[in-house]
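The block underneath contains the structure these notes are about, expressed in structure tokens.
The values are calculated or read from the model by the stated rules, or taken from the named source; none is laboratory data. As the structure is a computational prediction, the values presented were derived from the model and not from experiment. Because the Cβ atoms are built from the backbone with ideal geometry, glycine has one as well, and the counts that use them run over all protein chains shown. With ligands, DNA and RNA removed, areas are computed over all heavy atoms of the protein, side chains included. Shrake-Rupley method; radii C 1.70, N 1.55, O 1.52, S 1.80 Å.
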Amino acid sequence: MRDLIGADDIELAYDVQRQLTERRLAEGGRVVGRKIGLTSPAVQRQLGVDRPDFGVLFADMDVSDLPEVPSERLLQPKTEAEVAFVLREDLTDGPLDVAQVRAAVAYATAALEIVDSRIAGWDITFGDTVADNASSGLFVLGERRLTLAEFEPVDVPMTLQLDGEQVSSGSGAACLGDPLIALSWLARTAAELGDPLRAGQVVLSGALGPMVATPPGSSVSADLGPLGTVSATFSRKDRS
């Protein structure tokens, strides 16, 4: 995409994303939330970018209830552990600061975001990843649900294991300083673009540590302290 729209034209990159979203909606897709990407300094360094972005979550991206993650739907998946928020209120106006978004959260849960890219070898610029729906792939939500009166997202510890070996670690503080700061950033940005966050939507707030490649046949599990664990096994069948 960088050869068509440039590497840093943010407005044009989001316009491409918006057109692709409209196409999916016309084909029967259903939006269930948003994802915030590039919130962790470690992930920013991995991909060579320096700012957060966001993408759209569709209903068929939620594979929480499947026995295996369908590898055939993916190209070059990587997985990261996150705090997911589910909203009980619209975030359409007001300051949309941390206090307001905190009050709008129904509950939080542990999540695995399976990111993917149409750009070969993950050789992406900011424009590439935004146009590609923020490199969205699939996601898995954990079973434990906590209100924000029961824990602080900023204090959540995270360890990620791949095939039984620890490969990533971090904490809530790695996500723009606090996952609630990330949620506030998204609420303001979405409202400014005329497509605000709505009650019932899921928000994947961003990685708490480095992402790891998760090819067909691999198993990944994350422990997010008070939010418990969330895990996934990738089917052995890939796109080939």
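Can you tell me which residue is surrounded by the most Cβ atoms within 10 Å (Cβ to Cβ) among those in region 172-226 that are part of a strand (DSSP E or B), more than 13 Å from the chain's Cα centre (by Cα) and of a type outside the set (S, T, N, Q)?
Residues of region 172-226 part of a strand (DSSP E or B): 197, 202-207, 212-213, 219-223.
Now drop any that are not more than 13 Å from the chain's Cα centre (by Cα), which leaves 197, 212-213, 219-223.
From the residues that got through so far, the ones that are of a type outside the set (S, T, N, Q) too are 197, 212-213, 220, 222-223.
Details: Leu197: 25, Val212: 18, Ala213: 12, Val220: 25, Ala222: 27, Asp223: 18.
Restricting to residues being part of a strand (DSSP E or B), more than 13 Å from the chain's Cα centre (by Cα) and of a type outside the set (S, T, N, Q), the top hit is Ala222.
For (1) among the hydrophobic types (A, V, I, L, M, F, W, C); (2) open to solvent by 30 Å² or more (accessible area, probe 1.4 Å); (3) not in a loop (DSSP other than H, G, I, E, B), each residue gets a yes or a no:
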| position | (1), (2), (3) |
| --- | --- |
| Ser117 | no, no, no |
| Gly121 | no, yes, yes |
| Gly127 | no, no, yes |
| Val130 | yes, no, yes |
| Glu150 | no, yes, no |
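So, Arg102, is that one basic (Lys, Arg), over 23 Å from Ala173 (Cβ atoms) and touching a helix residue (DSSP H, G or I) at 6+ places or on another chain (Cβ under 8 Å) or not? First the steps, then the outcome.
Details: basic (Lys, Arg): yes; over 23 Å from Ala173 (Cβ atoms): no; touching a helix residue (DSSP H, G or I) at 6+ places or on another chain (Cβ under 8 Å): yes.
So Arg102 fails the test.
Please return the ranges of helices (runs of 4 or more DSSP H) entirely within region 1-111 where 3 or more residues are modelled with pLDDT under 95 and open to solvent by 60 Å² or more (accessible area, probe 1.4 Å).
Values: elements: 2-5, 10-26, 41-47, 98-104.
Passing ranges, in order: 2-5, 10-26, 41-47.
For Glu152, indicate whether it is farther than 22 Å from Leu91 by Cα and modelled with pLDDT of 90 or more. It would help to see each step written out before you state the result.
Values: farther than 22 Å from Leu91 by Cα: no; modelled with pLDDT of 90 or more: yes.
Judged against the criteria, Glu152 is not a match.
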